[in-house]
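Novice: Please see the structure below; I have some questions.
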Amino acid sequence: STRPLLVAAAMSAAMLFPSTAQAFDIVKIGVGFIGQAGGNFLDKPDDQSVMNTQVTPEYPGFAGLSTGFGGFIDLRFIDYVGVELDVLSVKHAGSADFTVTNTNTGSQATFDVEISNSAIHIPLLVKGALPGEIVTPMLFVGPEFVFPGKAEFKITPDNGGSNTNFGVVEDLDSYTLVTFGFGMEFNLPIPVD
């Protein structure tokens with residue numbers, strides 16, 4: 001029978017959305033907007049061999065910026081333990097200068113290579129907090145579900161005589177990663193003596 005599950009769900013809902021003001025001292029609900037920015041780095045690989053043995057690439061690794069924005073909902077229990085669910089739209093990008101040497105002639109060509117993709121990130125975080133008068137430090141950890149859009153790979157010759165871009169678009173698989181960190185919350189309004 002599903003009746004015990006329905007009763008448990010109803011009791012859980014009653015705990016999350018209490019009917020008295022005193023109950024909100026136990027469970028607090030917060031919603032808001034969130035933004036993020038961070039660096040992307042793909043290191044230089046040890047193996048730089050290619051199928052075509054007439055050219056030797058020099059792959060330096062990529063560096064770029066990720067930016068994102070979205071919203072969150074936060075449930076806090078007795079101010080010390082919480083659960084946060086975020087939904088973020090994120091843009092990942094990285095670029096590098098890529099030099100290819102023809103092993104027969106010694107001639108070189110340089111290209112600007114850019115890789116990028118957009119993705120929806122949904123972190124589900126468990127948080128431990130230590131409430132303070134002005135600042136509340138916290139630790140958080142949990143899975144982050146990532147649903148990427150299409151990846152774009154663009155090559156631009158860096159020879160001054162051509163503006164030709166070659167674009168390659170690829171589908172990416174969804175993946176899950178573990179997010180953890182340390183943060184601080186400012187308790188507003190800040191008391192003024």
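Novice: What net charge is computed for the residues neighbouring residue 69, neighbours being all others with C-beta under 15 Å from the C-beta of residue 69, Lys and Arg scored +1, Asp and Glu -1?
Specialist: Numbers: positive: 91; negative: 86.
Net charge around residue 69: 0.
Novice: One-quarter of the Cα convex hull surface for segment 65-193, in nm²?
Specialist: On the way: hull surface 51.6 nm².
Seen from a random direction, the Cα hull of segment 65-193 projects 12.9 nm² on average.
Novice: Counting only the heavy atoms of the protein chains, how much of residue 78 is accessible to a 1.4 Å probe, in Å² to the nearest 10?
Specialist: Only protein atoms counted, so the area is about 100 Å².
Novice: Report the net charge of residues surrounding residue 145, where surrounding means a beta-carbon distance below 13 angstrom and charges are Lys +1, Arg +1, Asp -1, Glu -1. Could the numbers behind the result be given before it?
Specialist: Details: positive: none; negative: 86, 144, 173.
That works out to -3.
Novice: Could you compute how fast segment 58-104 diffuses translationally, taking Rh as the Kirkwood radius over C-alpha pairs and applying Stokes-Einstein at 37 °C with viscosity 0.692 mPa s? Give it in µm² per second.
Specialist: 222
Novice: Could you derive backbone 3J(HN,Hα) for segment 67-72 from the dihedral phi with the Karplus parameters 6.51, -1.76 and 1.60 (θ = phi - 60°), listing whole Hz in sequence and x where the residue is Gly or Pro?
Specialist: 10, x, 8, x, x, 8
Novice: Can you report the principal axis dimensions of segment 100-146 using only the alpha carbons, biggest first, rounded to whole angstrom?
Specialist: 70, 24, 15
The values are calculated or read from the model by the stated rules, or taken from the named source; none is laboratory data. Remember, predicted model here, so these are calculated numbers, not experimental data. So basically every Cβ, Gly included, is an ideal-geometry build from the backbone, and we count neighbours across all protein chains shown. Protein only, heavy atoms only, side chains kept; ligands, DNA and RNA dropped before computing areas. Shrake-Rupley method; radii C 1.70, N 1.55, O 1.52, S 1.80 Å.
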